[in-house]
1. Quick one: pull the percent of accessible area on the protein assembly as shown belonging to carbon and sulfur, 1.4 Å probe, ligands and nucleic acids left out.
2. Quick one: grab the alpha carbon gyration tensor of segment A:2-114, order the square roots of its eigenvalues as a ≥ b ≥ c, and give me rounded if a/c is under 1.5, else prolate or oblate depending on whether a/b is larger than b/c.
3. Can you compute the modelled spin-label distance between B:H86 and B:S18, with each label point 7 Å from Cα toward Cβ, in nm?
4. Can you run phi through the Karplus equation (6.51, -1.76, 1.60; θ = phi - 60°) for segment A:85-100 and list ³J(HN,Hα) in whole Hz, with x for Gly and Pro?
5. Compute the helix-to-body angle for B:3-29: its Cα long axis versus the longest principal axis of chain B, expressed 0 to 90° and rounded to tens.
6. For segment B:52-111, which trypsin sites (Lys or Arg not before Pro) are in a loop by DSSP, counting at most 12 other Cβ atoms within 10 Å?
7. Nearest 500 deg cm²/dmol is fine: what mean residue ellipticity at 222 nm does chain A get from its DSSP H runs of n ≥ 4 alone, each adding -39,500 (n - 2.57), divided by its residue count?
8. Considering only DSSP beta bridges with both partners in the protein assembly as shown, what is the antiparallel share in %, to the nearest 5?
Amino acid sequence: MLDRLNEDFRFFQQSLALRAQRQEVLSSNIANADTPNYKARDFDFRTAMQNAMDAGMRLPDTQLTLTSARHIPAKAASPGPPELLYRLPYQPSLDGNTVDMDVERVQFADNTLHYQSTMQVLSGRIRTMMAAIQE
Amino acid sequence: MSLLSIFSIAGSALSAQSQRMNVAASNMANADSVVGPDGQPYRARQVVFQVDPAGGQAAGQEIGGVRVAGVIQDSSPLKRVYDPKHPMADAEGYVNMPNVDPVAETVNMIAASRSYQANVEVLNTAKSLMQKTLTIGQS
């Protein structure tokens with residue numbers, strides 16, 4: 001039963017984790033808005049979420065034991081954190097910095113809103129489950 | 001790596017930007033200081049920012065705050081002002097004045113304060129997100 005609950009919340013948990021990570025990347029961009037040669041980073045949330053959800057369908061991290069030299073090593077490993085990409089500069093500045101404050105601020109606000117809405121939905125979900133348990 | 005590290009990232013930017021503002025203020029204040037502690041005219045100083053990635057991150061994927069790598073002296077030539085009655089005037093009657101550009105310093109100051117504000121905003125957002133996260137599933 002608890003396993004089902006966990007499975008039910010996993011999507012939101014994953015989404016929140018990725019949103020928090022994106023928030024961090026964006027805050028790093030804003031912090032380094034004046035650092036020469038800093039390149040703005042970001043990742044595609046949709047792809048990262050897709051990867052994370054696909055990972056849930058796969059085997060947990062396992063590795064085959066090798067008892068003979070002729071065994072073929074095989075393992076199932078979950079993909080690491082989402083790959084950070086570089087933002088394409090719209091108006092590159094002379095010092096090699098590609099942070100566009102407007103873009104970053106908009107993305108930051110957008111990400112904040114998404115984080116909050118995910119949390120709202122998760123809260124509602126938890127409340128529904130609570131109601132079901134207590135009835 | 002979580003919302004908590006946003007505090008250190010934005011916090012590092014706050015201190016770096018305030019140091020930049022300090023340097024700009026020092027430059028402005030000393031725009032007319034003909035003699036510094038070393039007997040030479042004051043030279044404008046500039047901060048150099050550098051990314052300060054937190055440890056334990058994959059290569060090429062580092063994100064992090066910012067730190068002041070150093071404060072460098074502006075090597076541009078000093079302003080020479082003709083004032084034979086000045087006690088520091090040389091044989092030709094010229095006085096070496098600091099190479100501070102007040103306009104550039106003002107711009108620097110405004111840019112620093114805007115960046116500071118942006119990071120305060122980031123900090124506040126992260127704080128409210130964390131507070132909301134703490135009350136998840138309640139009421």
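The values are calculated or read from the model by the stated rules, or taken from the named source; none is laboratory data. Fair warning: this is a prediction, and the values are worked out from it, not measured in the lab. Backbone-built Cβ (ideal geometry, glycine too); neighbour counts: all protein chains shown. Side chains are part of the model used for accessible areas, which takes the heavy atoms of the whole protein and leaves out ligands, DNA and RNA. Shrake-Rupley method; radii C 1.70, N 1.55, O 1.52, S 1.80 Å.
1. Exposed carbon and sulfur together represent 57 percent of the surface.
2. Oblate.
3. Distance between the two pseudo-spin positions: 3.5 nm.
4. The phi angles translate into 10, 9, 6, 7, x, 7, 10, x, 9, 5, 8, x, 8, 10, 7, 9 Hz.
5. Roughly 10 degrees, rounded to the nearest 10.
6. Taking segment B:52-111 and a limit of 12 other Cβ atoms within 10 Å, the loop trypsin sites (Lys or Arg not before Pro) found are B:K85.
7. It comes out at -20500 deg cm²/dmol, rounded to the nearest 500.
8. So the antiparallel bridges amount to about 100 percent of the total.
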